[in-house]
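**Q** Mind having a look at this structure? Questions to follow.
The values are calculated or read from the model by the stated rules, or taken from the named source; none is laboratory data. Everything quoted here is computed from the prediction, not taken from an experiment. Methodologically, a virtual Cβ is constructed for each residue, glycine included, from the backbone with ideal geometry; neighbour enumeration extends over all protein chains shown. Remember, those area values only see protein heavy atoms, side chains included, never the ligands or the DNA or RNA. Shrake-Rupley method; radii C 1.70, N 1.55, O 1.52, S 1.80 Å.
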Amino acid sequence: MTSVFPFSQSVVDIIAGGNFMVVYAAQLAFKTGTVYAHTGTGQLILDGQTYDGVGSFGEVGSSQETEESGSSLSVSLTLSGIDSSVMAETNLNGCRGRPGKLMFVVVAEDGRYAADTLLSGRMDAAQMSFGGNADTNSITVTIVDRMAEWDRTGTERWTDENHRARHGDD
């Protein structure tokens, strides 16, 4: 019998033991490289990859799941205190449609940790807030699951003209 409980047994075991800390880890594949960050401090190694802590500069927005099976799920990730040059580069290169993943990580008092993927999908367009200096600048990226792609209107039309435009020699 398969379990419908959203967390792995290793995560449940750490939570059941008490005295644990929860952090969120994000993996965001930008055009210029993949960012690995978590909401705690220091470094955390998950699946052989080092995630850098952003502490209070990182924020994970709330997400709501509905009972409707066809509804999409999304979550917003915000990083504040960013230099204007990083914001300009993100604005220039964009991130829409690139892979993103959010993980739930529990860290036990003795240093053991376990992680489960909460949401894996694609990033939507970044929203930027320019405050004039690095202390008040922020970038918000939303990760949407695959169901969101079903909600978007496609650019293809299934007509003879559209088929000939895509496959001229057919």
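**Q** Using θ = phi - 60° and the Karplus curve 6.51 cos²θ - 1.76 cosθ + 1.60, what whole-Hz ³J(HN,Hα) does each residue of the range 117-123 get, with Gly and Pro shown as x?
**A** Values per residue, Gly and Pro as x: 6, 8, 8, 10, x, 10, 7 Hz.
**Q** Okay, next question. Can you give me the long-range amide H partners of residue 73? Hydrogens built in the peptide plane at 1.01 Å from N, cutoff under 5 Å, separation of 5 or more residues or another chain.
**A** For residue 73, the qualifying residues are 145, 147, 148.
**Q** How many percent of the accessible area of the range 18-133 is carbon or sulfur, using a 1.4 Å probe?
**A** Here it works out to 45 percent.
**Q** Need the full-extension length gain, residue 10 to residue 136, defined as separation in residues times 0.36 nm minus the C-alpha distance. One decimal, nm.
**A** Length gained between residue 10 and residue 136: 41.5 nm.
**Q** According to the Cα gyration tensor, what semi-axes, each the square root of 5 times an eigenvalue, does the equivalent ellipsoid of the range 21-65 have, listed from largest to smallest in whole Å?
**A** In descending order, the three semi-axes are 17, 15, 11 Å.
**Q** Okay, next question. Give me the accessible area per residue for the range 11-68, probe 1.4 Å, as a whole number in Å².
**A** Using a 1.4 Å probe on heavy atoms only, each residue of the range 11-68 averages 64 Å².
**Q** Mind listing the long-range amide H neighbours of residue 137? Cut-off is under 5 Å, sequence gap 5 or more, other chains count too, H placed in the peptide plane at 1.01 Å from N.
**A** For residue 137, whose amide H was placed from the backbone, the distant partners under 5 Å are 81, 82, 131.
**Q** May I pose another question? Given a Förster distance of 35 Å, report the FRET efficiency between residue 83 and residue 161 from their Cβ-Cβ distance, rounded to the nearest 0.05. Walk me through the numbers on the way to the answer.
**A** Values: r = 48 Å, r/R0 = 1.38.
Given R0 = 35 Å and the Cβ-Cβ separation, E is 0.15.
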